[in-house]
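Novice: The structure follows.
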Amino acid sequence: MTNIIFVLVDALNARNLGCFGYDNISPNIDKLASRGAVFKKCFSCANASDTALTSLMSGMYPHSHGITHHSFDVSDSQLRNFEEREVKLMQQVLQKNGYATFGLDFLGRWHNRGYDYYPSLKIDRTKRKEQMHNMQLLFEFFHVKEFFKKVYRMNMFKKIFGGFDSYPNDIETTANAINIIKQKKNPFFLFVHYWGVHKPYTCPNVSDKLSVACYDDAIKKVDGHVGELMAAADDDTVFVLVGDHGESLGEHGISFDHHGLYDASMHVPLIISGNGIPVMQFEGLTSIIDIFPTVLEIAGVTHDARIDGKSLFPVMEGKENIVRNYIIGSENYYQDKISIRTEDYKYIKKIGRGTCGKCQIVHGGDVELYDLQNDPEELHNIAGEQESLAYVLDRELMYSISY
């Protein structure tokens, strides 16, 4: 049975990695990519961590597993739905089949199920909820978008709001991971969640704390940690590296955050590398929900879980050249929207709040349609010009998610 190290880098854009054509700021991740399979068009199905991570580890879309919101917005009814649907998480299946399972993260709650070891990070959830509430009041009462940009740029966020110091330290996380690897409790599944690329960034060498340079500097640091894991692992280990969602770096009026269903917030890197994994690049559409069945196949483990994901092994082995024809996306944190993305088009639809709760503006409109071949940055909404196409995509979207 194969040892598996699963690296999740929060808020990591695919487009900011060397193996996706960017500057050379990620040599270790690029090396990992050069030794394995790179999925060039992998997309998240949600742009907030609770929802995305649940989908990633269950192989299910949010509307299937029931966790459609994030953080304190996850309601008791959503948790009941999650329980009633008897959702099986990747680590639970592996644990049941003889794997020693380790999770290095802080999200807890349902995310920590199925781990033999999951360190508890002391979080004052009452204090954090109060901080989030106070920030939201400011968003709604004042036009504070430019103010908050300045707060981040001057590194004053912690001083003003008390800070979100409960994010794990990536240096400590790496040291903990290496210690687990050295224990050689084979076979093992090690889940490592890095938070260094999530705002507020720690970039002492960059004066502007809200800039692409600072974001890139954060990637460099995480890349160094990935290199340490690679050096510690045995040759027969398989690495999976993915982002839970991306990050908007100013596109669509969204500055260094991950809301909106545009590719900036949804396109993530997916790299599978190591023992038995072919060296290849796949240009077709894939989703983070496809990782669940793929990892279990790497482990040689069968399952009876009800999932929406599809194994990537047929395309890695050259037996198929298509995984899926479209990607479904949803968001329910600052605004309520759903989307369907094909190779050629992106259709986005409002299903609730249209005005962004953070930016206090409407991003894009109630209905959006983009020609991705001619408008890859999704700048020109053609929904009014292509009503018949919008109708067809809307029907496909609504049928797929049964809202």
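The values are calculated or read from the model by the stated rules, or taken from the named source; none is laboratory data. Keep in mind the model is a prediction, meaning the values are calculated, not measured. Ideal geometry is used to build each Cβ from the backbone, glycine not excepted, and the neighbour counts take in all protein chains shown.
Novice: Considering only residues that are in a loop (DSSP other than H, G, I, E, B), of a type outside the set (A, V, I, L, M, F, W, C) and under 15 Å from K88 (Cβ atoms), which ones fall in the range 288-313?
Specialist: The initial filter retains those residues of the range 288-313 that are in a loop (DSSP other than H, G, I, E, B), namely 300-312.
Filter once more, so that each one left must be of a type outside the set (A, V, I, L, M, F, W, C): 300, 302-304, 306, 308-311.
Passing the criteria: T302, H303, D304, R306, D308, G309.
Novice: Right, next: Specify the residue that is farthest from R35 (Cα to Cα); the eligible residues are those in the range 278-297 that are surrounded by 21 or more Cβ atoms within 10 Å (Cβ to Cβ) and in contact with a strand residue (DSSP E or B) (Cβ under 6 Å, 6 or more places away or on another chain).
Specialist: Result: S287.
Novice: Among the residues of the range 1-48, which ones are small (G, A, S) and more than 26 Å from T342 (Cβ to Cβ)?
Specialist: From the range 1-48, those small (G, A, S) are 11, 14, 18, 21, 26, 33-34, 36-37, 44, 46, 48; that's our starting set.
Listed by number, the residues that qualify are G18, S26, S34, G36.
Novice: I would also like to ask the following. Considering every residue within the range 254-277, establish whether at least one is more than 26 Å from I351 (Cβ to Cβ), of a type in the set (S, T, N, Q) and buried (at least 20 other Cβ atoms within 10 Å of the Cβ).
Specialist: The answer is yes, given that some residue of the range 254-277 is more than 26 Å from I351 (Cβ to Cβ), of a type in the set (S, T, N, Q) and buried (at least 20 other Cβ atoms within 10 Å of the Cβ).
Novice: Still on this model: Give just the number: which of (1) crowded, with 20+ Cβ neighbours inside 10 Å; (2) out of contact with any Phe, Trp or Tyr (no Cβ under 7 Å at 6 or more places or on another chain) does L190 not satisfy?
Specialist: Checking L190 against (1) crowded, with 20+ Cβ neighbours inside 10 Å; (2) out of contact with any Phe, Trp or Tyr (no Cβ under 7 Å at 6 or more places or on another chain), the one that fails is (2).
Novice: Could you please let me know if V38 is buried (at least 17 other Cβ atoms within 10 Å of the Cβ), in contact with a Pro (Cβ under 9 Å, 6 or more places away or on another chain), in contact (Cβ under 8 Å) with a residue 24 or more places away in the chain and within 23 Å of D257 (Cβ to Cβ)? Explain how you work it out, then say what you get.
Specialist: Working: buried (at least 17 other Cβ atoms within 10 Å of the Cβ): yes; in contact with a Pro (Cβ under 9 Å, 6 or more places away or on another chain): yes; in contact (Cβ under 8 Å) with a residue 24 or more places away in the chain: yes; within 23 Å of D257 (Cβ to Cβ): no.
Answer is no for this residue.
Novice: If I filter the range 352-368 for residues that are out of contact with any helix residue (DSSP H, G or I) (no Cβ under 9 Å at 6 or more places or on another chain), assigned by TED's automatic domain parsing to the domain that holds F72 and farther than 16 Å from M60 by Cα, do I get at least one hit?
Specialist: Looking through the range 352-368, none of the residues is out of contact with any helix residue (DSSP H, G or I) (no Cβ under 9 Å at 6 or more places or on another chain), assigned by TED's automatic domain parsing to the domain that holds F72 and farther than 16 Å from M60 by Cα.
Novice: So, G246, is that one surrounded by fewer than 18 Cβ atoms within 10 Å (Cβ to Cβ) and in contact (Cβ under 8 Å) with a residue 12 or more places away in the chain or not? Even if it seems obvious, please write down each step before you answer.
Specialist: Details: surrounded by fewer than 18 Cβ atoms within 10 Å (Cβ to Cβ): no; in contact (Cβ under 8 Å) with a residue 12 or more places away in the chain: yes.
The answer is no for G246.
Novice: Can we say I322 is part of a loop (DSSP other than H, G, I, E, B), out of contact with any Ser or Thr (no Cβ under 9 Å at 6 or more places or on another chain) and surrounded by 15 or more Cβ atoms within 10 Å (Cβ to Cβ)?
Specialist: No: the conditions fail for I322.
Novice: Look through the range 362-389, keep the residues that are over 16 Å from D344 (Cβ atoms) and in contact with a strand residue (DSSP E or B) (Cβ under 7 Å, 6 or more places away or on another chain), and return whichever of them is surrounded by the most Cβ atoms within 10 Å (Cβ to Cβ).
Specialist: If we take residues in the range 362-389 being over 16 Å from D344 (Cβ atoms) and in contact with a strand residue (DSSP E or B) (Cβ under 7 Å, 6 or more places away or on another chain), then G364 is surrounded by the most Cβ atoms within 10 Å (Cβ to Cβ).
Residues checked against (1) buried (at least 24 other Cβ atoms within 10 Å of the Cβ); (2) aliphatic (A, V, I, L, M); (3) within 24 Å of I4 (Cβ to Cβ):
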residue: S44; (1), (2), (3): yes, no, yes
residue: L53; (1), (2), (3): yes, yes, yes
residue: L56; (1), (2), (3): yes, yes, yes
residue: H65; (1), (2), (3): yes, no, yes
residue: D73; (1), (2), (3): no, no, no
residue: R80; (1), (2), (3): no, no, no
residue: V87; (1), (2), (3): no, yes, yes
residue: M90; (1), (2), (3): yes, yes, yes
residue: Q95; (1), (2), (3): no, no, yes
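Novice: Among the numbered criteria (1) assigned to a helix (DSSP H, G or I); (2) modelled with pLDDT under 95; (3) within 27 Å of L261 (Cα to Cα), which one does T68 miss?
Specialist: (1)
Novice: Scanning for something over 30 Å from A299 (Cβ atoms), modelled with pLDDT under 55 and surrounded by fewer than 16 Cβ atoms within 10 Å (Cβ to Cβ), does the range 203-219 turn up at least one residue? Break it down stepwise before answering.
Specialist: Keep residues of the range 203-219 that are over 30 Å from A299 (Cβ atoms), which gives 203-218.
Subsequent filtering for residues that are modelled with pLDDT under 55 retains none.
Scanning the range 203-219 turns up no residue that is over 30 Å from A299 (Cβ atoms), modelled with pLDDT under 55 and surrounded by fewer than 16 Cβ atoms within 10 Å (Cβ to Cβ).
Novice: Related question: When both residues are 6+ apart or on different chains and their Cβ atoms are under 7 Å apart, which pairs have a first residue that lies in the range 1-30 and is closer than 30 Å to P187 by Cα and touching a residue at least 40 places away in the same chain (Cβ under 8 Å), and a second that is part of a loop (DSSP other than H, G, I, E, B) and charged (D, E, K, R)?
Specialist: T2/D236; N3/D234; N3/D236; L8/D244; D10/D244; A11/E247
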